[in-house]
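Can you keep this structure in mind? I'll have questions shortly.
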Amino acid sequence: MTGQVSIIAVDGPSGSGKGTICQLLATRLGYHYLDSGAMYRLLALAAKRHKVALDDVEDLAVLAAHMDISFRMNSSGGHPEVILEGEDVTQQIRSEDISAGSSLVAAIPAVRMALLERQRAFASAPGLVADGRDMGTVVFPDAPVKIFLNASPEERAKRRYNQLMDKGESVSLAALVENVRSRDERDMTREVSPLVPAQDAVEIDTTGKDIQEVLNTVLDIVRTSEMSAQRS
Ligand code: DC
């Protein structure tokens, strides 16, 4: 708990099912939802718009601290919309260009520092589901529930492959597997906030599991934690 706010920190690599699980979990519990990856994506887009170079550490940190961003639930059904300077950029921040940019800005310590307080500000009653790479290790180290979702590189590449096929883009599955493996290596060994499970995180391997099965496992973990908090 942070005051009376219950925090559920969910970390893991992309393709682990994190985003979907976090949104379902937040809806089920009536909690707020923080998509911290979207913040790094928003920074990459804001930098592009304001012509800040992706290696200009000082200006990027200032932009990270002051960019005008917000999140809102869309009216027709539960999907969070991402807003930059009043404009809905939910689709734009998912482009390949912005994905690559977000990964670069996310490796800059001053940027991570500038976004830290902005991420923590999402913690409000009754609770928060925080989705990212360092939610349990850095941003919310006292969160009573920490989950680390993972899946085999092959499964994560297959999920990405299916998404791209749905969008009508043809790609090689073997190339995607290679991509996933090299990104894992980079994310897990980077100096600042590497992607590693917190010591007290419960790890869940989602390989071969459907969404409902994973959601039920996570809900069980949350309930167990609530019961032990009530007893103590
Ligand atoms: O989860 P995502 O793909 O939207 O994240 C975008 C980028 O930001 C990705 O390169 C990982 C990085 N990221 C991070 O370093 N720390 C977080 N808490 C969330 C995302």
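The values are calculated or read from the model by the stated rules, or taken from the named source; none is laboratory data. Given the structure is predicted, the values throughout are model-derived calculations rather than measurements. Counting neighbours? That spans all protein chains shown, and the Cβs are built from the backbone with ideal geometry, glycine included.
Is there a residue in region 155-165 that is of a type outside the set (A, V, I, L, M, F, W, C) and in contact with a strand residue (DSSP E or B) (Cβ under 9 Å, 6 or more places away or on another chain)?
Within region 155-165, one or more residues are of a type outside the set (A, V, I, L, M, F, W, C) and in contact with a strand residue (DSSP E or B) (Cβ under 9 Å, 6 or more places away or on another chain).
Take region 179-231 and flag every residue that is in contact (Cβ under 8 Å) with a residue 12 or more places away in the chain, of a type in the set (V, I, T) and assigned to a helix (DSSP H, G or I).
Hits for region 179-231 are V180, I211, V214, T217, V218, I221, V222.
Only one of (1) at pLDDT 95 or above; (2) part of a loop (DSSP other than H, G, I, E, B); (3) over 18 Å from S6 (Cβ atoms) is not met by E117, so which one is it?
The single condition E117 does not satisfy is (2).
Do we find that Q230 is at pLDDT 95 or above, over 18 Å from the mean Cα position of the chain (by Cα), more than 23 Å from K158 (Cα to Cα) and polar (S, T, N, Q) in this structure?
No: the conditions fail for Q230.
Please verify whether region 164-175 includes one or more residues that are away from the ligand (no atom under 16 Å from the Cβ) and of a type in the set (V, I, T).
yes
I've got another one for you. What is the one condition in (1) touching a Lys or Arg at 6+ places or on another chain (Cβ under 9 Å); (2) farther than 28 Å from S95 by Cβ; (3) not hydrophobic (A, V, I, L, M, F, W, C) that D210 does not satisfy?
Among (1) touching a Lys or Arg at 6+ places or on another chain (Cβ under 9 Å); (2) farther than 28 Å from S95 by Cβ; (3) not hydrophobic (A, V, I, L, M, F, W, C), D210 violates only (1).
To keep it simple, each residue is scored yes or no on (1) over 30 Å from Q230 (Cβ atoms); (2) not aliphatic (A, V, I, L, M).
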residue: G30; (1), (2): no, yes
residue: M39; (1), (2): yes, no
residue: A47; (1), (2): yes, no
residue: A53; (1), (2): yes, no
residue: E58; (1), (2): yes, yes
residue: E87; (1), (2): yes, yes
residue: E96; (1), (2): yes, yes
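Let me ask something additional. Looking at region 93-106, can you tell me whether even one residue there is modelled with pLDDT of 95 or more, under 20 Å from C22 (Cα atoms) and not hydroxyl-bearing (S, T, Y)?
Checking region 93-106: at least one residue is modelled with pLDDT of 95 or more, under 20 Å from C22 (Cα atoms) and not hydroxyl-bearing (S, T, Y).
Scan region 144-153 and give yes if some residue there is at pLDDT 95 or above, out of contact with any Cys (no Cβ under 6 Å at 6 or more places or on another chain), more than 17 Å from M188 (Cβ to Cβ) and part of a helix (DSSP H, G or I), otherwise no.
no
Looking at region 140-154, is at least one residue of a type in the set (A, V, I, L, M, F, W, C) and within 23 Å of A65 (Cα to Cα)?
Taking every residue of region 140-154 in turn, at least one turns out to be of a type in the set (A, V, I, L, M, F, W, C) and within 23 Å of A65 (Cα to Cα).
Listed residues M73, M39; which is without any contact (Cβ under 8 Å) to a residue 12 or more places away in the chain and within 23 Å of A123 (Cβ to Cβ)?
M73
Can you tell me which residue is nearest to F148 (Cα to Cα) among those in region 188-212 that are loosely packed, with under 11 Cβ neighbours inside 10 Å and not small (G, A, S)?
Top of the filtered list is Q199.
Also, quick follow-up: What are the residues in region 115-147 that are of a type in the set (K, R), crowded, with 24+ Cβ neighbours inside 10 Å and within 13 Å of the ligand (Cβ to nearest atom), if any?
Selection gives R133 alone.
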